[in-house]
Amino acid sequence: MESFMDNILAPLAGGAIIGIGSSVLFLGIGRISGISSIFSHLLNDFDPKESWKYFFIVGLLIGGLFFKIFFPSMFNIELLNSKFEIIIAGLLVGFGTRLGNGCTSGHGVCGISRFSIRSIIATLVFMAAGIVTVFLKGAI
């Protein structure tokens, strides 16, 4: 049986940290923490005025490294899919973020909290696609 920390506190803390981080970014500099857009702009358009994006991505990596070092039990992940399936899934997610003009962090966390109809619809589509995928993957 998994511990209370694994089942309740860790997801709750993670969600709170994401919400606080998104709020600080929005209230601090008026930007939305849509990871796919931030990362895409870093790869395609260098703009010194947008240097905060580099710090944001580095902060995500440092935060992950921090938890890997200090909470290693949270990183006991076993992948049950083949490398081919993981690559295809990653490509489909990338295609979906381009098609939907954003990802779950931009639409789901930031858009819904701003009552954006476009983001609410996008998040419902993300969720429906995920549910259908899990159902089909389980049926195969």
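The values are calculated or read from the model by the stated rules, or taken from the named source; none is laboratory data. Predicted, not measured: the structure shown is a model, and the values here were computed from it. Ideal geometry is used to build each Cβ from the backbone, glycine not excepted, and the neighbour counts take in all protein chains shown.
Output the residues belonging to the stretch 54-106 that are of a type in the set (D, E, K, R) and either surrounded by fewer than 10 Cβ atoms within 10 Å (Cβ to Cβ) or over 15 Å from S40 (Cβ atoms) (or both).
Within the stretch 54-106, K68, E78, K83, E85 qualify.
With respect to F55, determine if the residue is in contact with a Ser or Thr (Cβ under 6 Å, 6 or more places away or on another chain) and either at pLDDT 85 or above or among the hydroxyl-bearing types (S, T, Y) (or both).
For F55, the condition - in contact with a Ser or Thr (Cβ under 6 Å, 6 or more places away or on another chain) and either at pLDDT 85 or above or among the hydroxyl-bearing types (S, T, Y) (or both) - is not met.
Out of all the residues in the stretch 59-72, which are more than 17 Å from I18 (Cβ to Cβ) and either in contact with a helix residue (DSSP H, G or I) (Cβ under 8 Å, 6 or more places away or on another chain) or among the β-branched types (V, I, T) (or both)?
Those that are more than 17 Å from I18 (Cβ to Cβ) and either in contact with a helix residue (DSSP H, G or I) (Cβ under 8 Å, 6 or more places away or on another chain) or among the β-branched types (V, I, T) (or both): K68, I69.
How many residues does the stretch 25-53 contain that are closer than 29 Å to A10 by Cα, touching a helix residue (DSSP H, G or I) at 6+ places or on another chain (Cβ under 6 Å) and either exposed (fewer than 10 other Cβ atoms within 10 Å of the Cβ) or aliphatic (A, V, I, L, M) (or both)?
Number satisfying all stated conditions: 3.
I need every pair where a residue in the stretch 98-120 that is farther than 16 Å from S33 by Cβ has its Cβ under 9 Å from the Cβ of a residue that is among the hydroxyl-bearing types (S, T, Y), sequence separation at least 6 or different chains.
R98/S36; R98/S40
Is it true that some residue in the stretch 17-30 is closer than 23 Å to A122 by Cβ and outside any helix (DSSP H, G or I)?
yes
What do you reckon, is F135 at pLDDT 85 or above, touching a Ser or Thr at 6+ places or on another chain (Cβ under 6 Å) and in a helix (DSSP H, G or I)?
no
Report whether or not T123 is of a type in the set (S, T, N, Q), in contact (Cβ under 8 Å) with a residue 60 or more places away in the chain and not in a loop (DSSP other than H, G, I, E, B).
When the stated conditions are applied, T123 does not pass them.
Does the stretch 106-121 contain at least one residue that is among the charged types (D, E, K, R), in the same structural domain as G14 (by TED's automatic domain parsing) and more than 15 Å from the chain's Cα centre (by Cα)?
no
For the stretch 80-99, name all the residues that are within 18 Å of S116 (Cβ to Cβ), out of contact with any Ser or Thr (no Cβ under 9 Å at 6 or more places or on another chain) and not aliphatic (A, V, I, L, M).
Passing the criteria: only G96.
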